[in-house]
1. Which residue, of Glu22, Glu27, Glu11, is touching a Ser or Thr at 6+ places or on another chain (Cβ under 9 Å), within 18 Å of Val137 (Cα to Cα) and modelled with pLDDT of 95 or more?
2. Pick out the one residue from Lys46, Lys93 that is under 18 Å from the mean Cα position of the chain (by Cα), under 26 Å from Ala2 (Cβ atoms) and modelled with pLDDT of 95 or more.
3. Can you tell which of Ala84, Ala76 is modelled with pLDDT of 95 or more and either among the aromatic types (Phe, Trp, Tyr) or in contact with a Lys or Arg (Cβ under 7 Å, 6 or more places away or on another chain) (or both)?
4. Surrounded by 12 or more Cβ atoms within 10 Å (Cβ to Cβ) and either in contact with a Gly (Cβ under 7 Å, 6 or more places away or on another chain) or more than 25 Å from Thr108 (Cα to Cα) (or both): is that true of Arg62 in this structure?
5. Just to confirm my filter: which helices (runs of 4 or more DSSP H) fall fully inside the range 34-110 and include at least 3 residues that are of a type in the set (Gly, Ala, Ser) and touching a Phe, Trp or Tyr at 6+ places or on another chain (Cβ under 9 Å)?
6. Which ones in the range 1-32 are surrounded by fewer than 18 Cβ atoms within 10 Å (Cβ to Cβ), farther than 17 Å from Asn131 by Cβ and of a type outside the set (Ser, Thr, Tyr)?
7. Can you tell me which residue is nearest to the chain's Cα centre (by Cα) among those in the range 119-141 that are more than 16 Å from Thr36 (Cβ to Cβ) and of a type in the set (D, E, K, R)?
8. If a residue must be surrounded by 18 or more Cβ atoms within 10 Å (Cβ to Cβ) and either of a type in the set (Lys, Arg) or in a helix (DSSP H, G or I) (or both), how many such residues does the range 119-141 contain?
Amino acid sequence: MATQWQRVRLEVPKTLTPAQRELVAFEVIDYIRERTQLGRDANGRKFTEYTKAYAKFKGVSRGNVDLVLNDEMLRAIDLLNHKAGSLLIGFEKGSDENAKADGNIRGTYGKPSPIPGKARPFLGISQNQLNRIIREVKSGS
């Protein structure tokens with residue numbers, strides 16, 4: 001199976017200005033990066049452990065999963081598009097970073113189909129967390 005384009009569309013209030021939408025998007029991206037580096041997926045669950053061989057290669061314990069080898073993948077998350085009521089956050093279609101993200105999110109890691117139990121779906125945010133960010137942006141905090 002081919003690499004899939006990794007992006008997430010988030011609904012936001014239509015009353016947000018373009019500048020507020022951009023600010024919400026960048027706060028969401030920062031949140032995703034920080035949460036991912038703490039070893040948590042989009043739903044707040046701990047990531048599946050690294051394989052013994054990969055943990056040894058990386059020089060960490062198997063449970064110290066942060067999806068960071070050289071930081072390029074997480075730095076590549078970006079605001080792709082926004083319009084009234086909507087944000088599109090993700091990776092540039094066809095990029096190397098999108099392929100890395102796809103392998104992690106779906107658990108394919110270069111294989112034609114997902115490996116059961118290996119997915120680490122990090123791209124996303126809970127509605128509660130998104131609402132908190134929107135409230136902060138609207139209040140100017």
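The values are calculated or read from the model by the stated rules, or taken from the named source; none is laboratory data. Remember, it's a predicted structure, so these values are computed and weren't measured experimentally. Virtual Cβ from ideal backbone geometry, glycine too; neighbours counted across all protein chains shown.
1. On the way: Glu22 fails: touching a Ser or Thr at 6+ places or on another chain (Cβ under 9 Å); Glu27 fails: touching a Ser or Thr at 6+ places or on another chain (Cβ under 9 Å).
One residue alone meets the criteria, Glu11.
2. Testing whether each residue is under 18 Å from the mean Cα position of the chain (by Cα), under 26 Å from Ala2 (Cβ atoms) and modelled with pLDDT of 95 or more leaves just Lys93.
3. Numbers: Ala76 fails: either among the aromatic types (Phe, Trp, Tyr) or in contact with a Lys or Arg (Cβ under 7 Å, 6 or more places away or on another chain) (or both).
Of the residues listed, the single one that is modelled with pLDDT of 95 or more and either among the aromatic types (Phe, Trp, Tyr) or in contact with a Lys or Arg (Cβ under 7 Å, 6 or more places away or on another chain) (or both) is Ala84.
4. Working: surrounded by 12 or more Cβ atoms within 10 Å (Cβ to Cβ): yes; either in contact with a Gly (Cβ under 7 Å, 6 or more places away or on another chain) or more than 25 Å from Thr108 (Cα to Cα) (or both): no.
So Arg62 does not fit the description; no.
5. Ranges flagged: 96-106.
6. Hits for the range 1-32 are Met1, Ala2, Gln4, Trp5, Pro18, Ala19, Glu22.
7. The qualifying residue nearest to the chain's Cα centre (by Cα) is Arg132.
8. Within the range 119-141, residues that are surrounded by 18 or more Cβ atoms within 10 Å (Cβ to Cβ) and either of a type in the set (Lys, Arg) or in a helix (DSSP H, G or I) (or both) number 5.
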